[in-house]
Amino acid sequence: MDQEERRSLGAHYTSEENILKVLEALFLDDLYDEFERSKNTVRELESFHEKLASLTFLDSACGSGNFLVMTYQKLRELEFEVLKMIHDSSQLRMVDIFVKVSIDQFYGIEYEEFPTEVAKVSMLLIKHLMDQRVSNHFGFNLIDFPVKENANILNANALRVDWNDLIDAVNLDYIIGNPPFVGARIMASRQKKDIHLVLEGIKNIGNLDYVSAWYAKAADMIEENKDLKAAFVSTNSICQGEQVAILWKYFRQWYGAREFINNEPRYCLYLGDANPRDLRKMPLVIERIENVRKLRLKSKSEGTRKIADIPTKFHITNISNGDYLLIPETSSENRKYIPIGFMNKESLASNAVRIMPNATTYHFGILTSNVHNAWIRMVGGRLKSDYRYSKNIVYNNFPWPQVDKASKDNVAEYAKAVLNVRKKYSDWSYADLYGVLFMPKDLIRAHRELDKAVWEAYGRAWNISSEKECVSHLMKIYNNLIRC
Ligand SMILES: C[S@@+](CC[C@H](N)C(=O)[O-])C[C@H]1O[C@@H](n2cnc3c(N)ncnc32)[C@H](O)[C@@H]1O
């Protein structure tokens with residue numbers, strides 16, 4: 001496959017480290033614990049052994065089968081430990097009931113023919129290796145030839161087959177894998193059809209990543225078997241942008257100053273409008289709500305204890321009805337421009353940022369200009385040496401220019417140009433965009449032009465290159481305003 005084909009199929013090799021992260025969290029750690037607890041009696045060990053031999057796994061975008069191979073290997077290693085504890089190393093007679101974990105327990109679906117075949121062969125190879133290890137230890141030949149077992153790997157489009165036809169949801173224990181991420185904008189038309197087949201009727205379907213269909217199909221299987229568990233390797237693109245609202249209804253991105261500047265949102269469960277019927281289906285969420293209630297009840301503050309009976313609500317809710325402008329409360333003194341930006345209304349803001357609902361590009365233009373930044377440097381407080389933006393001192397006292405429509409539009413136009421340049425660097429964080437080391441030349445230029453437009457909006461009242469003259473002019477306007 002060349003690079004372009006790989007990109008369009010979302011076919012990327014999954015590292016052992018990432019595979020293990022999924023497997024350990026989903027079931028391996030629990031199995032290791034259960035093994036520890038089963039060591040007391042042979043009967044417990046035997047029953048644990050039966051369990052290992054009964055588990056079933058599906059990777060519905062299995063590529064060359066790395067997840068299945070590693071899962072099988074881990075199960076066989078555990079089984080090996082069990083066998084060593086149950087049997088001593090003298091020769092055993094009942095060979096055929098000895099090793100019970102089988103490659104039959106593994107299911108895969110892969111679109112491409114070649115990796116499908118590689119997956120089948122890899123499962124046979126790992127079985128052979130594990131058989132050899134056990135044989136060497138117990139001193140007899142366990143090698144199964146001709147091989148009677150086979151992994152169930154299907155060469156098909158996973159979004160066009162019913163996974164139940166390969167293994168019934170009620171007989172399946174785990175869905176694992178690294179399904180393909182293919183962004184809505186680069187998706188092939190065949191893939192768009194796939195996603196429509198799976199998710200027909202869902203709002204904003206045109207914005208969803210191809211991978212969403214795997215989540216939806218896994219969720220359908222879980223609907224049929226509530227004990228079935230699933231985990232996929234995911235990049236954060238699944239939890240960014242429009243998809244949040246659709247797939248992870250109750251998860252919202254949450255921004256404090258640090259999260260905003262470094263473009264590393266945190267996620268929080270926002271249950272403000274949640275329907276209790278939905279919540280009851282999510283036991284872990286109920287547990288969280290209960291924990292919040294208990295924690296609030298224990299609080300020394302009367303105010304906090306009072307809100308213990310509304311545990312699905314925040315203490316203070318900083319939510320805008322529409323998109324808003326976000327200004328971090330503290331930011332590094334090394335930046336010429338404090339990074340500020342528009343946020344969509346689904347993103348929540350912490351108390352470490354200031355928000356301006358209904359802001360326009362004109363507002364953005366003035367607030368991001370060197371004039372406003374000079375004002376912040378003069379009147380804003382400092383936290384250590386960092387700038388501190390406060391609503392009362394910095395924002396409420398700031399003397400806005402008296403503008404006519406033409407100069408307002410002019411500022412807005414240059415502000416838009418700044419936003420457009422930022423779009424070119426959409427995967428950069430504000431820390432990088434506005435840092436002294438990396439600020440791109442075209443962004444510096446766009447800011448300079450905006451600064452000039454803002455200077456003109458103030459009637460070119462000072463020497464443009466002098467911050468000192470700028471702030472003394474602002475102070476003059478401020479004094480006039482308070483005298484009125
Ligand atoms: C990220 S890779 C998974 C790689 C695999 N875990 C491994 O390490 O080999 C995603 C796989 O999904 C496959 N794929 C893409 N679209 C598919 C579809 N509609 N049905 C089934 N498999 C698909 C790709 O060919 C690729 O092998």
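The values are calculated or read from the model by the stated rules, or taken from the named source; none is laboratory data. Source: prediction; values computed, not measured. Neighbour counts run over all protein chains shown; Cβ positions are idealised from the backbone, glycine included.
Within segment 25-41, how many residues turn out to be away from the ligand (no atom under 16 Å from the Cβ), surrounded by 13 or more Cβ atoms within 10 Å (Cβ to Cβ) and part of a helix (DSSP H, G or I)? Summing the residues that are away from the ligand (no atom under 16 Å from the Cβ), surrounded by 13 or more Cβ atoms within 10 Å (Cβ to Cβ) and part of a helix (DSSP H, G or I) in segment 25-41 gives 6. Residues in segment 155-208 that are more than 12 Å from the ligand (Cβ to nearest atom), among the β-branched types (Val, Ile, Thr) and assigned to a helix (DSSP H, G or I): Val170, Ile186, Ile205. What do you reckon, is Tyr389 assigned by TED's automatic domain parsing to the domain that holds Ala453 and farther than 30 Å from Phe251 by Cβ? The answer is no for Tyr389. Going through (1) modelled with pLDDT of 95 or more; (2) away from the ligand (no atom under 16 Å from the Cβ); (3) of a type in the set (D, E, K, R) one by one, Arg93 falls short only on (1). Scanning segment 348-376 for residues that are out of contact with any helix residue (DSSP H, G or I) (no Cβ under 6 Å at 6 or more places or on another chain), part of a loop (DSSP other than H, G, I, E, B) and at pLDDT 90 or above gives Asn358, Ala359, Thr360.
Of everything in segment 217-240, what is at pLDDT below 90 and either in a helix (DSSP H, G or I) or not assigned by TED's automatic domain parsing to the domain that holds Asp173 (or both)? Give them in sequence order. Of everything in segment 217-240, those that are at pLDDT below 90 and either in a helix (DSSP H, G or I) or not assigned by TED's automatic domain parsing to the domain that holds Asp173 (or both) turn out to be Glu223, Asn236, Ser237, Ile238, Cys239.
If you check Asn150, Asn157 for being modelled with pLDDT of 90 or more and assigned by TED's automatic domain parsing to the domain that holds Cys62, only one passes: Asn157. Would you check if there is a residue in segment 305-321 being surrounded by 12 or more Cβ atoms within 10 Å (Cβ to Cβ), more than 27 Å from the chain's Cα centre (by Cα), of a type in the set (S, T, N, Q) and part of a loop (DSSP other than H, G, I, E, B)? Looking for residues that are surrounded by 12 or more Cβ atoms within 10 Å (Cβ to Cβ), more than 27 Å from the chain's Cα centre (by Cα), of a type in the set (S, T, N, Q) and part of a loop (DSSP other than H, G, I, E, B), one finds none in segment 305-321, hence no.
Annotation note: Cβ proximity below 6 Å between a residue of segment 435-452 that is free of Cβ contacts under 8 Å to residues at least 60 places away in the same chain and a residue that is surrounded by 14 or more Cβ atoms within 10 Å (Cβ to Cβ) (sequence gap 6+ or interchain) occurs for Phe438/Asp432; Asp442/Val421; Leu443/Val421; Ala446/Ala417; Ala446/Val418; Ala446/Val421; Glu449/Tyr414.
Look at Ile143 and say whether it is hydrophobic (A, V, I, L, M, F, W, C), modelled with pLDDT under 95 and in contact with a strand residue (DSSP E or B) (Cβ under 9 Å, 6 or more places away or on another chain). In short, no. List pairs: first in segment 115-137 and in the same structural domain as Thr14 (by TED's automatic domain parsing) and buried (at least 18 other Cβ atoms within 10 Å of the Cβ), second among the acidic types (Asp, Glu) and not in a helix (DSSP H, G or I), Cβ under 8 Å, 6+ apart or cross-chain? Matching pairs, first to second residue: Thr116/Glu110; Ala119/Glu110; Lys127/Asp144; Lys127/Glu149; Asp131/Asp144.
Considering only residues that are away from the ligand (no atom under 16 Å from the Cβ) and either modelled with pLDDT under 95 or of a type in the set (Gly, Ala, Ser) (or both), which ones fall in segment 46-79? Passing the criteria: Glu46, Ser47, Ala53, Ser54.
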